1. Which angle from 0 to 90°, rounded to the nearest 10, does the C-alpha axis of helix B:93-128 make with the longest principal axis of chain B?
2. In whole angstrom, note down how far apart the Cα centers of segment C:286-322 and segment A:4-63 are.
3. Spelling out what I want: for every residue of segment B:195-203, take phi, set θ = phi - 60°, compute 6.51 cos²θ - 1.76 cosθ + 1.60 (Karplus), and round to whole Hz; glycine and proline get x.
4. When Lys and Arg each count +1 and Asp and Glu each count -1, what net charge do the other residues less than 10 Å away from A:Leu130, Cβ to Cβ, add up to?
5. Computed FRET efficiency, Cβ-Cβ of C:Leu27 and A:Asp99, R0 35 Å: what is it to the nearest 0.05?
6. Obtain the nm distance between the two label points defined at A:Ile66 and A:His171 by a simple spin-label model: each point lies 7 Å from its Cα along the Cα-to-C-beta direction.
7. What do you get for the angle between helix A:126-139 and the principal long axis of chain A? Use alpha-carbon atoms, 0 to 90 degrees, nearest ten.
8. With springs only between Cα atoms under 10 Å apart, run a GNM on chain C and tell me which of C:Val309, C:Val120, C:Val109 wobbles the most.
Amino acid sequence: MSTTANGDAILKVTGLSKSFDGVPAVEDVSFDVRRSETLGIVGESGSGKTTLVRCILRAIDHEEGIVEYNSRDGWVELQDMRPKELIPLRREMQMIFQDPFASLNPRMTVREILEEPLIIHQVGDRTQRLDAVVDMLNHVQLDRDALTRYPHAFSGGQRQRIGIARALILHPDLVVCDESVSALDVSVQAQIINLLEDLQQELGLTYLFVAHDLSVVQHICDRVLVMHQGRVVESGEVDEIFANPQENYTKLLLSAIPSPDPDIRLKPLDRRELGL
Amino acid sequence: MRSYLASRLLGMIPTLAIISVIVFTVIQLPEGDIVSSMLDRLQAQGVDVTQEYVENLRSQYNLDKPMVLQYFYWAGNFLTGDMGYSILFNRPVNELVWERLGYTLSITISALLFTWIVALPIGIYSAVRQYTIGDYLMTTLALVGLATPPFLLALIFMHIGFTWFGISTGGLFSPEFEDAPWSIAKFGDMLVHIWLPMVIVGASGAAFTMRILRANLLDELNKPYVVTARAKGVSPAKLVIKYPVRIAINPFISNIGLMLPALISGEALVGMVMGLPTIGPLLLQSLLNQDMFLAGSLLMWLAALVVIGILISDLMLAWVDPRIRFE
Amino acid sequence: MTDDAQSDDNVLEIRDLAVDFKTDTGLTHALVNVGFDVPRGKVTAIVGESGSGKSVTANCIMRLVQPPGRIVAGTINFMPTDMAPFEIVSLRKKDPRLQELRGGHISMVFQEPMTALSPVYTVGNQVAEAILCHRKVTRKEAMREAAEMLERVGIGEMERRIQMYPFEFSGGMRQRVVIAMALVCHPEILICDEPTTALDVTIQAEILTLIKDLQRDLKNSVLFITHDLGVVAQIADQVVVMYQGRVLEIGTVRQVLKEPVHPYTRGLLAAIPGLAPKGEPLATIASVVGDTDITTPYPMTTLGDGRQVSLPPDKVALAAAE
């Protein structure tokens, strides 16, 4: 529908703003997401990164701005769609949350959890759905035994695998990862990051990766948006930005990362001196 | 804070107005009115009543006016401090209400205090010593307290008092003080009598409060701020009171206003069983006899008490919890 | 291998510490034979993943282990500068030294600054309380000292702030308040249990700098618990690596982070995303550890360079040769 939209873009956000009780949370944010890339959104708590992705997914309604999505049936504008019209699009856009345990219903078995989205979107019959569930469990490297067990029987890393499986079972195109690896231990975090990257390769996924951990973002993302006080202050290739930040806020963020090498001393920049 | 208080006070006006409409409607619902029920009584006694006398009575109490007008007469008089005349007792309603309301308030407030004085230490004990014999014992007692209706408790107490100790446990005063004017001796006599209705009315509330306090406290006991306080060397007893208990009682403070209706209706039943000179028995009589001015005034006052109770508990909550104050 | 001068100057010596948790399914061993020293006037970091027992160890030192957990064995010798040394595990509940220990000799900063303070008392009240618990001073004097310490941890506008409630502060500010509360009685040891994990990276940098600066000024000993090796590198002198309730490796920060001997430590380092080349899968602990046995509790062996590791004998010989 949009004539300006880039050919290989999957999402195009223009001038998005959202405020809560008159306090702006996101202000005039514009960016594109290219198909099959991982776009990181970084910033401190209160920078508006979570609000931004919720607006994009229409979990909350924003006030101003256009969100164009390149669906399987062509470009659509999400911001004015009615909830009913959004349902088919929900198949194409999924989310992986920070706390897998809180987002999994404790009274449902893994099979029920994974089958639920298929039932809601009326995909296949009973045997086909079971095949899809087993197939997805394979993808996230969980055993078939997992089917009949409940979320509490799994470790944190395994639960996040279940969360990922649930998000991917409908074969979405765009996956929003909201701090999806932040709550995990280092070793488990590495496994989940590897898994997310493998799945992206296999299934051609596009990730919108919200995180506060900059070293994770550096590893997994192709491009990155740096947010501060609701605005995007800097964006570009992740290596470029980490090597050569232009904006004071980005410099501040990067200077605060503690290096695991004791000979590289932490020298955080001063917020006030940077005028932030 | 001041604007909060002002807005809350202003907010009470429409609430009470709506309640007054409901109260008025409810007492008008049954067939007939105070005059017709009086007629029934007089005729039963064989007294002949002329139609003219009836018309006179009706117009005297504005009963011949349309319903809406009747409401405004009633509400208007109520606001100016005239609650009408009780045909049943042949006395102004004002006198009856003030006398009885005082007793009801004394019993209700002392029952509330009793609830707290009993529930607070036991609730804390039960939570801190969770799953000990003491905790199980208190839990059992609380369940019995919860499961026993106040009027039944009143009957049991009266029975025990009469058969075992030979004392009459009814009423708020000994016979010699019943009609005596107020004096220190009469007040003392009331204190001797009031503890029983207080315990009976407050028992189930105490059981309930104790159980909820225990649960709230168990949630708070291992919160990080408690561990922090313990780690900084606060002594164990002070630690429990100053930190988790202080937070765990907040819900109760906001519930005081909501506990009032339960206490008042519990008191009504107990009052009847024990023959107390409180609102409860009076309300029942006035409703049975369609003494609308009396019944309406009593209901109105009970509603007002509850509304004021809720206001007071909200203000207390704002006072003890800074988080509410700053909202 | 350790020379006497060094071993004399420990403020804490933990030996054979064991903690069990009673669960519905039986006993869980939260700590097994944990032993290490905390050198005086230095920063010792305990690093490990969840379930490694690092927080339980800290709670043992403060005697904060609550049922269903129980210290079943071991000793913690505490050697303060201004009083006779004593053993912590055997202290009776009513022993006045226990109350003195908590907040007086040893104090603690916790992970969650948002919930570590009671919302119903002012910041000044809660900091001053720490003083009033341990010294006989007037309330006014306690408040004055509280204000001084709050000033020192970087909270300005004291007059106004001291009367404010914790929920009026940001997360970073609250953690400063908790640190002030911990330091206000000038403890010998400050235990920090993941104090920066819940904070933004810029605030984390500020708090780390603050803890380090204060440690330099006050010359206290710090026991710093974290899962983040970046934080360890920046703050610690000495590192204790824990895994599933056991100590696997102890050494100086350079020994442990630059030349780790234990395969688990190597795995932890390799799994940090920032260090790995882009586009390649991250190393995981499993891939680094390989078939080395890290679950059997081998005794700690001291190597030639002074570090200690828990490894099977054949691997120790190998490591010693390296």
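Read-outs: derived from the displayed coordinates by stated rules, not from any lab. Keep in mind the model is a prediction, meaning the values are calculated, not measured. Note that we place each Cβ from the backbone using ideal geometry, even for glycine, and neighbour counts take in every protein chain shown.
1. With rounding to tens, the tilt is 20 degrees.
2. 50
3. 5, 5, x, 4, 5, 5, 5, x, 4
4. On the way: positive: A:Arg111, A:Arg126, A:Arg129; negative: A:Glu115, A:Asp125, A:Asp131, A:Asp135.
The answer is -1.
5. Details: r = 29 Å, r/R0 = 0.83.
Computed FRET efficiency for C:Leu27 and A:Asp99: 0.75.
6. Placing both labels 7 Å along Cα→Cβ, they lie 3.1 nm apart.
7. 40
8. Evaluated over chain C, the most mobile residue of the options is C:Val120.
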